[in-house]
1. Each label point is 7 Å from the Cα along the Cα-to-Cβ direction; what then is the distance between the points at residue 204 and residue 57, in nm?
2. Suppose we keep just the alpha-carbon trace of the chain; what are its Rg and Dmax in angstrom?
3. Take every DSSP beta bridge whose two residues both sit in the chain, then give the antiparallel share in percent to the nearest 5.
4. Over the alpha-carbon set of the range 247-339, work out the extent along each principal axis and list the three values in angstrom, largest first.
5. Which whole number of Å³ per residue matches the convex hull of the alpha-carbon atoms in the range 157-300?
6. What does the extension gain come out to for residue 211 and residue 329, with contour length at 0.36 nm per residue minus their alpha carbon separation?
7. Apply the Debye scattering formula to the range 105-188, with a single equal point scatterer on each alpha-carbon and no solvent, then give log10 I(q)/I(0) at q = 0.12, 0.24, 0.26 Å⁻¹.
8. Suppose R0 equals 22 Å. What FRET efficiency, 1/(1 + (r/R0)^6) with r the Cβ-Cβ distance, do residue 340 and residue 228 give to the nearest 0.05?
Amino acid sequence: MDRYETLIPRPVTARGEAGTFELTRDTALVAAPGAEDAADAVRLLLAPLRLPLRPASDGTGLVVRLDPAVGGPEAYHLRVTPDGVELSASSVDGIRHATQTLRQLLPDAAWRSAPPAGTRWLLPCGTVSDAPALAWRGGMLDVSRHFFGKHTVMRYVDLFAMHRLNRLHLHLTDDQGWRIESRRYPRLHEVASHRPTTQAWYERQDRTDGTPHGGYFTLDDLAEMSTYAADRGVTLVPEIDLPGHASALLAAYPELGVGAHTVRSGWGISEAVVKPVPATVRFLTDVLAELTDALPGSYVHLGGDECLLRDWTTDPDVTGYMNTLGITDPVDLFGHFLRELAGYLSSRGRRAVMWDEGYVGGGALPDTIVTAWRGDGGARRGGGAADDVGRWPVYPTYFDYDQSDGADEPLSIGGPVTLPDVTAFDPAPADWSDTERAHVIGVQFQAWSEYIPDARHLDYMVFPRACALAEVAWTGGATANFDARLAGHLGRLSAAGCGDRPPPKSERGRRRADGTPIARVRAHLEKLSAHADVPTSLVSM
Ligand code: ACM
């Protein structure tokens with residue numbers, strides 16, 4: 001098969017021609033004037049080829065050019081002739097994308113960290129001219145419900161870069177574990193990062209595995225992962241989920257909430273919510289300062305989803321504070337609290353991101369990115385204001401739902417969300433208004449990990465659906481011949497060590513349960529997101 005027909009995500013144009021060019025130990029890496037950094041990026045991404053790629057400033061070989069005339073910030077051109085290769089883009093990010101495409105044109109061994117003996121790096125001649133439709137192309141790993149360490153995250157950075165995905169969102173805190181070191185508040189990693197056992201069956205809090213689970217990233221781990229990602233054109237987007245989903249935080253620092261809490265071992269929505277009073281905001285801004293010092297990326301997700309505000313109606317600290325502010329509805333206090341944190345992030349040069357309850361609850365600032373998960377209502381309303389909207393609805397971007405309703409699928413929350421469901425996803429549907437469509441900045445998948453215990457299972461749930469999502473994100477939904485191109489892509493995934501199909505077949509007794517059917521979830525969320533306001537309980541499911 002013509003390798004130019006197997007590229008994923010599908011480029012705007014890709015055309016194979018007769019002839020080949022071979023990258024050898026004699027091939028020079030030629031940086032055109034001003035393209036030295038771009039050539040360094042090429043060298044880093046092609047290191048697994050184990051070629052010297054001798055540096056040169058003119059001549060033929062693998063030529064790298066920065067050219068402002070090449071489209072938008074991530075656009076690129078690639079040309080392979082019998083005499084050499086030329087990569088051109090207006091930015092280093094574009095050159096990185098060109099290099100990933102070049103790597104896909106090479107034999108699958110290019111995705112190993114070292115090639116088998118005798119591998120020849122033959123490239124078919126041809127041209128690619130390419131640019132992404134959407135700026136935010138990403139995926140979320142939930143490292144709270146099950147902790148995946150830095151090596152898994154960095155492997156996902158590689159897999160993201162391979163698919164030209166540029167945002168890796170880490171859901172770092174939730175009821176079941178806080179995964180960030182704090183030098184200022186060490187009980188966060190000492191206490192909040194571990195739980196004694198884990199719920200092991202759908203909707204059965206009483207069925208647990210009896211095994212302690214825990215872990216956290218040190219601030220140095222986060223800085224390391226962030227640099228590793230930036231070198232590959234991927235921005236890490238950390239999330240601290242507030243003010244709800246706070247059991248682990250409150251187990252460590254109960255004075256920030258009401259009553260006693262433990263790091264939860266079961267799933268579902270908890271009533272743990274921080275008190276949104278000035279002492280809590282000071283604590284949280286200290287934590288955000290540590291986090292943003294470690295992570296230079298432009299975005300921090302503040303959560304805002306699925307909050308029960310019951311404690312705010314009864315706690316005298318909170319009701320007294322509401323009186324001081326002249327606020328009578330706890331939802332307005334919810335908005336005030338999120339705006340304070342978003343404002344703090346803004347003072348540190350970061351944009352806040354929040355789930356769509358945060359937006360309808362009044363928590364967004366004008367530059368906040370709203371991540372609409374519940375249904376089209378939230379996504380379209382966000383697009384009616386000044387905000388940027390990330391469209392990641394449960395259907396079809398939640399990859400914790402299983403991929404088929406086959407009996408041998410492993411235990412999951414429900415489903416199915418199939419590969420064709422993902423390829424058919426239209427990020428900005430034609431029947432939306434121009435304004436609504438224009439505000440969609442991108443899409444991402446979500447790998448919530450309640451029922452994803454380890455990295456192998458994670459690979460199974462994420463791939464190959466992430467390949468389809470990457471194609472939707474890159475093309476804006478104009479996927480074509482996806483199945484045929486995927487058939488040519490699976491060898492690359494396998495060489496990269498990504499265990500896609502076949503399934504782990506009920507490992508650890510996790511045979512498929514009758515989770516929640518996706519049609520029921522969709523109908524429920526569409527109903528909720530149709531409302532422009534929210535009740536005191538911000539619970540969504
Ligand atoms: C969410 O799924 N609670 C954002």
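Values in this text are rule-based calculations from the coordinates and carry no lab data. Everything numeric in this text was worked out from a predicted model, so none of it was measured. Cβ: placed from backbone, ideal geometry, glycine included. Neighbour counts: every protein chain shown.
1. Label at residue 204, label at residue 57, 7.0 nm between them.
2. Every Cα atom of the chain included, Rg and Dmax give 23.7, 77 Å.
3. Here the share of antiparallel DSSP bridges comes out near 35 percent.
4. So the extents along the principal axes, rounded to whole Å, are 38, 33, 21.
5. 120 Å³
6. So the chain would gain 38.3 nm between residue 211 and residue 329.
7. Cα-only, vacuum Debye calculation for the range 105-188: -0.59, -1.19, -1.24.
8. FRET efficiency, residue 340 to residue 228: 0.10.
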